[in-house]
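The values are calculated or read from the model by the stated rules, or taken from the named source; none is laboratory data. Predicted model only: the values in this text are computed from it and were never measured. Note that each Cβ is placed from the backbone with ideal geometry, even for glycine, and that neighbours are counted across all protein chains shown. Ligands, DNA and RNA are excluded from the accessible area calculation, which covers all protein heavy atoms including side chains. Shrake-Rupley method; radii C 1.70, N 1.55, O 1.52, S 1.80 Å.
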Amino acid sequence: MRIRAFLTAILTTSLSAIILPLGLAHPAGASQHDASQHDASQGSSGTFAPAVRAPVLAPATPKITAKAAYLVDLTTGTELYAKNADRQVPVASLAKVMTAYVVRQEGSLDDLITITRQDVLHAANNGASHAGLRAGERLTTRDLLYALMLPSAADAANALARRYGPGTARFVAKMNDAARDLGLDRTHYTNVDGLPRPALGGHSTARDQTRLAMVALADPVIAEIAATARHRLPTTADHRAHVWKNSNKLLTRVPGTFGLKTGFTRAAGFCLSFAAVKGGHTLFGTVLGDTTDARRFRSATRLLDIVQV
């Protein structure tokens, strides 16, 4: 499905139905394992499901190596899988999804932001992923969002926070305010990029990150960026040429994938927030704390394979 067609579909769904509490229903025939993982405190008294045909589900519960995982069918409002879905853990660079969301609330895509030595050193001194930015370059907010989301650039994250906090401390406060406004009660951020310092970057849950993905991808700009496998920025008077590849390998491996974000630190393990359209159903999911890069994508693929085409 094309991104524009997807956006038309998702934006017609009331965001009040996406933001907590979702009131997701368990699918008919869901295993006892799946149902037991659902936190009753979240409530399941109803659904926001439209009158559509239920998906055809795989007969067996998939083997998921991630420490926590969650999958929801937005089309029917059905929770398809939950494993430690409400356990609070570090989520590494999945924090940048909230960073992108806050930037979209605070700034204009055409704002020009000058990269500073501090931005470059922030990534270098922390051994973080970066976009190869240099001090003195000027990039638009739109360009920096590509750098933030595709190569998961900490230099871009720092530059955006400086501008729209203004300053990282104020920006982190805005991230936590947004989490509260969205009802993500088990989520707290301590920095803008999910790096280990301070306090492991904060914490969240597979369920909260999946719900955040739904809201973030309802933004046409974030959706377009998240679905981009490779972005080329030509040389201008303001900056050098840059080419950024998306670290989300599902985009090129699993048809129908349109997002969203990878993350890794030693404390968090390998994380992935993802979204895909399969068999006419829009699926959102998260895996947290997987043991290798390959296994996180395998776990996500197995979750998506719950829905049979």
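Using the Kirkwood radius built from alpha carbon pairs, what does the Stokes-Einstein equation give as D for the stretch 180-221 at 10 °C and 1.306 mPa s, in µm² per second? Don't skip to the answer; put the middle values down first.
Numbers: Rh = 11.1 Å.
It diffuses with D of about 143 µm²/s by this estimate.
So if I take the alpha carbon set of the stretch 150-245, get Rg, then get Rh from the Kirkwood formula, what is the Rg over Rh ratio?
Answer for the stretch 150-245: 1.00.
Can you tell me the convex hull volume per residue for the stretch 73-207, based on C-alpha atoms, in Å³ to the nearest whole number?
So the per-residue Cα hull volume is 114 Å³.
How would you order 242-253, 151-162 from highest to lowest mean count of nearby Cβ atoms within 10 Å?
151-162, 242-253
Find the accessible area per residue for the stretch 130-213; the probe is 1.4 Å, ligands and nucleic acids are left out, and the unit is Å².
Per-residue value: 33 Å².
Can you work out the Karplus-derived ³J(HN,Hα) for every residue in the stretch 207-218? Use 6.51 cos²θ - 1.76 cosθ + 1.60 with θ = phi - 60°, whole Hz, and x for glycine or proline.
Once rounded to whole Hz, the list reads 5, 4, 5, 5, 5, 4, 4, 4, 5, 4, 6, 6.
Can you give the convex hull volume of the alpha carbon atoms of the stretch 150-309 per residue, in Å³? Intermediate results must be reported in sequence, preceding the final value.
Numbers: hull volume 20.1 nm³, N = 160.
Cα-based convex hull of the stretch 150-309, divided per residue, equals 126 Å³.
Could you state the number of Å between the C-alpha centres of the stretch 167-188 and the stretch 241-309?
24
Need the list of lysines near residue 174 for cross-linking: C-alpha distance under 18 angstrom, and skip anything on the same chain fewer than eight residues off.
Result set, ordered by chain and number: 96.
Just to be sure I follow: if Rg is taken over the C-alpha atoms of the stretch 218-262 and Rh is the Kirkwood radius over the same atoms, what is Rg/Rh?
On the Cα set of the stretch 218-262, Rg over Rh gives 1.06.
Divide, for the stretch 55-151, the radius of gyration over alpha carbons by 2.2 N^0.38 Å, where N is the residue count.
Here the answer is 1.50, to two decimals.
Using a probe of 1.4 angstrom, how much of the accessible area of the stretch 73-170 is carbon and sulfur, in percent? Can you show the working numbers first?
Details: 1450 of 3400 Å².
Accessible surface attributable to carbon and sulfur in the stretch 73-170 totals 43 percent.
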